[in-house]
Amino acid sequence: MPVTRRTRTLLSWLPAALLVLIIGAIVVGTFTVQASWWAEDDPEASADQKASDGGSMLTDAGFDYVNVEGVLRVRVGDGALPASDLGLRANETKAAEFRRPVRALIAAGDEVHVVEDVVAASATAADDRLATLTVAIDGAGSWRGAIDGLQARAAEFGWDAAQFEGLDERLLEFNSTGSGEVFEVEIGPGSDADTAVTAEVAFSREGGATTVALRFAPPE
């Protein structure tokens, strides 16, 4: 079918029209983001983002607020809110990875434990109480650096020297056997009266990177 002059004229305008539509969509999207809660310098938390005690809600909305504010706040043990007040269902585990490293403030009794560079968190409920809160620390460091860092906090978390004994020898044996990809150990829980803290350390054979997570739980 022959193409008329009018059709050719319409086709010549088509790319320009599409470009205008695309630019318009970008402009509208930009104004939408700029006017949104995410773009506020100091956004106010809503009821589904912050708990009644000022702590973080352990929900998608709560973790979204942590991403913006840069702080995760949770109380463990005595004085903690019921898990349902934190947005957790019975026996539910809720996990999140943060868009940037955040600071975790974990309250237990009269103490507040500060953990920097937290990139992920996991919370588990049992019998309408927060059973565990685990925070993963940013950066794949060396085995020695990880162990030294944990030993520096041993008194704070109630760990004794015996819980660090033999770890280097066990790692050496793992490296010499050549079997398995990851060497994992736990340090703790400690003897703190207000919270039981356990360190989860994982050494990767490939590259030698070591990761650390801290698990907080009410004392037994």
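Take the conditions (1) under 30 Å from residue 61 (Cβ atoms); (2) modelled with pLDDT of 95 or more; (3) not in a strand (DSSP E or B); residue 139 misses just one of them, which is (2).
Residues in the stretch 112-133 that are touching a Lys or Arg at 6+ places or on another chain (Cβ under 7 Å) and either among the acidic types (Asp, Glu) or assigned to a loop (DSSP other than H, G, I, E, B) (or both): 116 alone. Under the condition of being more than 18 Å from residue 74 (Cβ to Cβ) and out of contact with any Ser or Thr (no Cβ under 9 Å at 6 or more places or on another chain), the residues counted in the stretch 170-211 number 18. Name the single residue that is surrounded by the fewest Cβ atoms within 10 Å (Cβ to Cβ) among those in the stretch 148-157 being assigned to a helix (DSSP H, G or I) and not acidic (Asp, Glu). Among residues in the stretch 148-157 that are assigned to a helix (DSSP H, G or I) and not acidic (Asp, Glu), the one surrounded by the fewest Cβ atoms within 10 Å (Cβ to Cβ) is 152. Out of curiosity, is residue 89 under 30 Å from residue 213 (Cα atoms), at pLDDT 95 or above and open to solvent by 30 Å² or more (accessible area, probe 1.4 Å)? No; evaluated as a whole, the condition is false for this residue.
Could you please give the count of residues in the stretch 106-154 that are over 18 Å from residue 78 (Cα atoms) and acidic (Asp, Glu)? Looking only at that region, the number is 4.
Scanning for something closer than 13 Å to residue 126 by Cβ, among the acidic types (Asp, Glu) and in contact with a strand residue (DSSP E or B) (Cβ under 7 Å, 6 or more places away or on another chain), does the stretch 95-114 turn up at least one residue? Taking every residue of the stretch 95-114 in turn, none turns out to be closer than 13 Å to residue 126 by Cβ, among the acidic types (Asp, Glu) and in contact with a strand residue (DSSP E or B) (Cβ under 7 Å, 6 or more places away or on another chain). The residue list 62, 77 contains one member that is more than 16 Å from residue 219 (Cα to Cα), touching a residue at least 24 places away in the same chain (Cβ under 8 Å) and outside any strand (DSSP E or B), which is 62. Out of the stretch 180-195, which residues are open to solvent by less than 30 Å² (accessible area, probe 1.4 Å) and either in contact with a helix residue (DSSP H, G or I) (Cβ under 7 Å, 6 or more places away or on another chain) or at pLDDT 95 or above (or both)? Within the stretch 180-195, 183, 185, 187, 188, 190, 192 qualify. Among residues that are under 28 Å from residue 182 (Cα atoms), in contact (Cβ under 8 Å) with a residue 12 or more places away in the chain and either open to solvent by 30 Å² or more (accessible area, probe 1.4 Å) or in contact with a Gly (Cβ under 9 Å, 6 or more places away or on another chain) (or both), residue 145 is included.
Within the stretch 23-44, one or more residues are modelled with pLDDT of 65 or more and open to solvent by 30 Å² or more (accessible area, probe 1.4 Å).
Based on what the data block shows, is residue 117 without any contact (Cβ under 8 Å) to a residue 24 or more places away in the chain, of a type in the set (Asp, Glu), at positive phi and surrounded by 14 or more Cβ atoms within 10 Å (Cβ to Cβ)? When the stated conditions are applied, residue 117 passes them. When residue 177 is tested against (1) in contact (Cβ under 8 Å) with a residue 40 or more places away in the chain; (2) surrounded by fewer than 16 Cβ atoms within 10 Å (Cβ to Cβ); (3) over 30 Å from residue 83 (Cα atoms); (4) not aliphatic (A, V, I, L, M), exactly one condition is not met: (1). Can we say residue 111 is open to solvent by 10 Å² or more (accessible area, probe 1.4 Å), within 17 Å of residue 215 (Cα to Cα), acidic (Asp, Glu) and under 16 Å from the mean Cα position of the chain (by Cα)? Against the criterion (open to solvent by 10 Å² or more (accessible area, probe 1.4 Å), within 17 Å of residue 215 (Cα to Cα), acidic (Asp, Glu) and under 16 Å from the mean Cα position of the chain (by Cα)), residue 111 does not qualify.
The values are calculated or read from the model by the stated rules, or taken from the named source; none is laboratory data. Predicted model only: the values in this text are computed from it and were never measured. Note: ideal-geometry Cβ built from the backbone for every residue, glycine included; neighbour counts use all protein chains shown. Side chains are part of the model used for accessible areas, which takes the heavy atoms of the whole protein and leaves out ligands, DNA and RNA. Shrake-Rupley method; radii C 1.70, N 1.55, O 1.52, S 1.80 Å.
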